[in-house]
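Inspection log for the structure reproduced underneath, given as structure tokens.
The values are calculated or read from the model by the stated rules, or taken from the named source; none is laboratory data. These numbers come from a predicted model, not from an experiment. Positions of Cβ are backbone-derived with ideal geometry, glycine not excepted, and every protein chain shown enters the neighbour counts. When the accessible area is computed, the model is the full protein with side chains, heavy atoms only, and any ligands, DNA or RNA have been set aside. Shrake-Rupley method; radii C 1.70, N 1.55, O 1.52, S 1.80 Å.
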Amino acid sequence: MAFQELTRCTLQEVEGIPLLKPMVKTWERVKAFQAFPEDLLIVTYPKAGTTWTQEIVDLILHGGDAEEVRRAPTDIRMPFLEINTAKGSHPGISQLEKMDPPRVIKSHLPIQLLPKSFWESGSKVIYVARNPKDNVVSYFHFDRMNMIQPEPGPWSGYLKKFMEGQCECFWIEYVNALCWGSWYEHVKGYWQEKDKRNILYLFFEDMKENPAREIQRIAKFLGHHLSEDILNNIVQLTTFDAMRENPMANYSSIPGNIFDRKVSDFLRKGEVGDWKNHLSPEENAAFEKHYVETMSDCEIPFRFVI
Ligand code: PPS
């Protein structure tokens, strides 16, 4: 894509959820996507640990074979279902339509927007959730560096949008919300369905605390047995530092005019508790109050420190 064609997207609503405007153009194809029982969906709110989980899953499926997993960048190996960023770009749905199952598919769609075929076919679904304070910090830095995402504006306003995001229509553009909508509704939606459907619900903080344990849980869910050696190998290959150095896992294949690495890296810090460097005491108090109220109907055991 030529530099001059690149502009930050605006948001447009689909069934009450703000999405990047170009994504709306391919929405009908996404909605009609045919999933198969052997497909696997990795779904998250943006910046909750998608890429990390994708790398773990690909390694499990290939018996810990690092070379095999380096066959292509993450977004080619495991396409992003709903992504469509601009004229001339290659939408995720076009990649997926050309692939045969079993496919590993990435999505950030809230549960009510997922194509019905995932549930009808009984595909396995891995959901990864991250505590909202670290999640919003990570999303803020991503929106600063990703020249396709809407302009994040100053931190205080961004935090407000994360907490109270509303899909309000000013003329034809939707503002005051973040792409993919409310974090609160997203994490609750999958939590409430996890025992009724084929969903493994994971937490970023658990993965940081004990990656071997969480990798074993994923392997079991996928019906794979990992020897001690392979497990240890996967733990090593999927540390923050290893992935940051791996050109097939660190999104360095995305041109610098799209991911501006002078602003922030895609693999930025990978920590639990970085929110302490961003939320002022006043912001933290307001966030806590709002969090308790908003999550009172659905207790999910988020941890803000480990
Ligand atoms: S995206 O764009 O939504 O797909 O981003 P996503 O991959 O979900 O989230 C990116 C954040 O995950 C961190 N990350 C990791 N942390 C620890 N260990 C490993 N291996 C790892 N891989 C990715 C990444 O650094 C982003 O978080 P922040 O806090 O911004 O660093």
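Couple of notes before you dig in:
- The calculated FRET efficiency for the pair LYS194 and ASP100, based on their C-beta separation and a Förster distance of 35 Å, comes to about 0.80.
- With R₀ fixed at 22 Å, the C-beta to C-beta distance from SER253 to GLU38 puts the FRET efficiency at about 0.20.
- LYS269 versus SER227: modelled label distance in nm, points set 7 Å from Cα along the beta carbon direction: 4.0 nm
- Computed from backbone phi with θ = phi - 60° and the Karplus coefficients 6.51, -1.76 and 1.60, the 3J(HN,Hα) list for region 95-108 is 4, 5, 5, 8, 9, 8, x, x, 10, 9, 10, 9, 8, 10 Hz; x is used for glycine and proline.
- Straight-line cross-link reach from LYS269 at under 28 Å between alpha-carbon atoms covers these lysines, not counting any fewer than eight positions away in the same chain: LYS47, LYS106, LYS133, LYS160, LYS161, LYS188, LYS208, LYS289.
- Dividing the summed -39500 (n - 2.57) terms of all DSSP H runs of n ≥ 4 by the residue count of the chain sets its mean residue ellipticity at 222 nm at -11000 deg cm²/dmol.
- Within-13-Å neighbourhood charge of ARG70 [Cβ basis; K, R +1; D, E -1]: -4
- The fraction of accessible area contributed by carbon and sulfur in region 8-294 is 53 percent, rounded to a whole number (1.4 Å probe; ligands and nucleic acids excluded).
- Cα gyration tensor shape of the chain, rounded if a/c is under 1.5, else prolate or oblate by comparing a/b with b/c: rounded
- Averaged over its residues, the chain has an accessible area of 45 Å² per residue, based on protein heavy atoms and a 1.4 Å probe.
- Debye, to nearest 20: dipole size of region 12-51, +1 on Lys, Arg Cβ, -1 on Asp, Glu Cβ: 220 debye
- Chain lengthening between LYS220 and LYS116 when straightened (0.36 nm per residue, less Cα-Cα): 34.9 nm
- With a Förster radius of 25 Å applied to the beta-carbon distance between ASP241 and TYR201, the computed FRET efficiency rounds to 0.40.
- Region 190-207 - phi-based ³J(HN,Hα) in whole Hz, Karplus 6.51/-1.76/1.60, Gly and Pro as x: 6, 4, 5, 9, 4, 8, 8, 10, 7, 10, 9, 9, 10, 10, 3, 5, 5, 5
- Site pair ASN277 and MET295 shows an inter-label distance of 2.3 nm when each label is modelled 7 Å from Cα along Cα→Cβ.
- Globularity ratio of region 144-263, using Cα Rg and 2.2 N^0.38 Å: 1.39
- Around ARG244: net Lys/Arg minus Asp/Glu count, Cβ-Cβ under 12 Å: -1
- Projecting label points 7 angstrom from Cα along Cα→Cβ for ASN284 and ALA86 puts them 3.9 nm apart.
- Of VAL235, VAL272, VAL263, the one that fluctuates the most in a GNM where the chain has Cα springs shorter than 10 Å: VAL263
- Gap separating the Cα centres of region 77-131 and region 217-282, nearest whole Å: 20 Å
- Dividing the mean sequence gap of close Cα pairs (under 8 Å, 6+ apart) by how many residues region 8-294 holds gives a relative contact order of 25 percent.
- For the chain, share of DSSP beta bridges that run antiparallel, in % to the nearest 5: 40 percent
- Backbone geometry of region 72-82 corresponds, through the Karplus equation with coefficients 6.51, -1.76 and 1.60 at θ = phi - 60°, to 3J(HN,Hα) couplings of 6, x, 3, 6, 8, 5, 9, x, 9, 2, 9 Hz, x marking Gly and Pro.
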